[in-house]
1. For region 128-199, which strands (runs of 3 or more DSSP E) that fit wholly inside it have 2 or more residues that are touching a residue at least 24 places away in the same chain (Cβ under 8 Å) and of a type in the set (A, V, I, L, M)?
2. When you look at Thr95, is it of a type outside the set (D, E, K, R) and closer than 22 Å to Val47 by Cα, yes or no?
3. Taking His57, is it closer than 20 Å to Val124 by Cβ and more than 8 Å from the ligand (Cβ to nearest atom)?
4. Name the single residue, out of those in region 84-95 being small (Gly, Ala, Ser) and crowded, with 16+ Cβ neighbours inside 10 Å, that is farthest from the ligand (Cβ to nearest atom).
5. All but one of (1) at pLDDT 95 or above; (2) within 26 Å of the chain's Cα centre (by Cα); (3) closer than 23 Å to Gln121 by Cα hold for Gly86, so report the exception by its number.
6. Checking the condition more than 10 Å from the ligand (Cβ to nearest atom), open to solvent by less than 20 Å² (accessible area, probe 1.4 Å) and either of a type outside the set (D, E, K, R) or within 16 Å of Thr95 (Cβ to Cβ) (or both), which residue from Val81, Val36 passes?
7. Where residues in region 39-54 are within 14 Å of the ligand (Cβ to nearest atom) and assigned to a loop (DSSP other than H, G, I, E, B), which of them is surrounded by the most Cβ atoms within 10 Å (Cβ to Cβ)?
8. Any residue in region 103-112 that is more than 11 Å from the ligand (Cβ to nearest atom), among the aliphatic types (A, V, I, L, M) and open to solvent by 30 Å² or more (accessible area, probe 1.4 Å)?
Amino acid sequence: MRNSRQGTIRIQDAVCVIGLGRFGTAVATELMKDGVEVLGIDPDDHVVQAMDGSVTHVVRGDATQEVTLRKLSVHEFETVVVAIGGSIEASILVTGLLRKFGVPNIWAKAVSDQHAEILKQLGVPHVVKPETDMGRRTAHLLRGTLEEYVEFAGDFVITQQLAPEFAIGTPIGELRLRRNYGVHITGMRHPGEPWQIALPETALRRGDHILVAGNRRNADNFARLPRTDDLDSELDA
Ligand code: ATP
């Protein structure tokens with residue numbers, strides 16, 4: 001494919017981003033920062049003009065049209081991101097065409113659980129739900145007990161929190177965490193030091209931060225145990 005400014009896109013290594021709203025633009029510009037060539041497609045003239053120069057090649061076009069995608073060689077890409085949210089119909093039509101082309105790595109944005117379900121049924125291997133995922137994460141973080149919250153498939157999570165008071169001074173292997181709380185401490189950081197793997201013989205200190213792995217409910221319950229900062233505020237009161 002020719003690009004007037006930067007020569008030829010190497011399609012095997014490049015990524016095509018369809019829909020250059022906030023999500024698509026963030027994906028495209030981050031990929032460019034990482035040195036990945038990007039073909040961007042959007043029907044909106046203003047969007048295309050705004051992105052001109054920020055990605056390797058940006059084209060105005062309606063990606064629901066097979067002829068448009070073929071003209072732009074999208075059927076030859078290994079990785080395509082469908083970042084259309086406002087029109088679920090357009091999102092489904094585009095992903096249907098990509099499935100028909102046999103594009104192996106399709107990443108599609110879903111704006112609802114139903115949208116995600118349809119995309120999965122279409123055989124899209126990677127469905128991301130930025131709004132709902134971020135909403136759930138925020139709900140867990142805003143209660144103040146967790147510093148980070150990452151959810152995996154099923155209901156498995158890894159959380160970051162301050163070490164609970166009961167765990168201070170005792171080697172992690174002796175805390176019987178799995179039996180008593182259904183969680184595992186996988187990483188830890190003393191204040192001002194780098195993260196390290198939490199070994200069974202590691203004893204936590206006051207103010208340490210820990211990474212906790214387990215199912216959502218167990219990790220949430222574990223985060224509610226009194227932590228070293230709670231006791232500090234009680235002593236201060
Ligand atoms: P975001 O939250 O990422 O800003 P959104 O979920 O609100 O976006 P839209 O704004 O509807 O979704 O779509 C994102 C982009 O996709 C827009 O710039 C829009 O012009 C583009 N888009 C919509 N339909 C098509 C289409 N048929 N082909 C290519 N791009 C499209």
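The values are calculated or read from the model by the stated rules, or taken from the named source; none is laboratory data. A quick note: this is a predicted structure, and the numbers were derived from the prediction, not measured. Neighbour counts run over all protein chains shown; Cβ positions are idealised from the backbone, glycine included. The accessibility values were calculated without ligands, DNA or RNA, using every heavy atom of the protein model including side chains. Shrake-Rupley method; radii C 1.70, N 1.55, O 1.52, S 1.80 Å.
1. Values: elements: 148-151, 156-162, 183-189.
Passing ranges, in order: 156-162, 183-189.
2. Numbers: of a type outside the set (D, E, K, R): yes; closer than 22 Å to Val47 by Cα: yes.
So Thr95 passes the test.
3. Working: closer than 20 Å to Val124 by Cβ: no; more than 8 Å from the ligand (Cβ to nearest atom): yes.
Answer is no for this residue.
4. Here the answer is Ser91.
5. (1)
6. On the way: Val36 fails: open to solvent by less than 20 Å² (accessible area, probe 1.4 Å).
Exactly one residue qualifies, and that residue is Val81.
7. If we take residues in region 39-54 being within 14 Å of the ligand (Cβ to nearest atom) and assigned to a loop (DSSP other than H, G, I, E, B), then Pro43 is surrounded by the most Cβ atoms within 10 Å (Cβ to Cβ).
8. Let us first name the residues in region 103-112 that are more than 11 Å from the ligand (Cβ to nearest atom), namely 103-108.
Then drop every residue that is not among the aliphatic types (A, V, I, L, M), which leaves 103, 106, 108.
Checking which are open to solvent by 30 Å² or more (accessible area, probe 1.4 Å) leaves us with none.
No; the residues of region 103-112 include none that is more than 11 Å from the ligand (Cβ to nearest atom), among the aliphatic types (A, V, I, L, M) and open to solvent by 30 Å² or more (accessible area, probe 1.4 Å).
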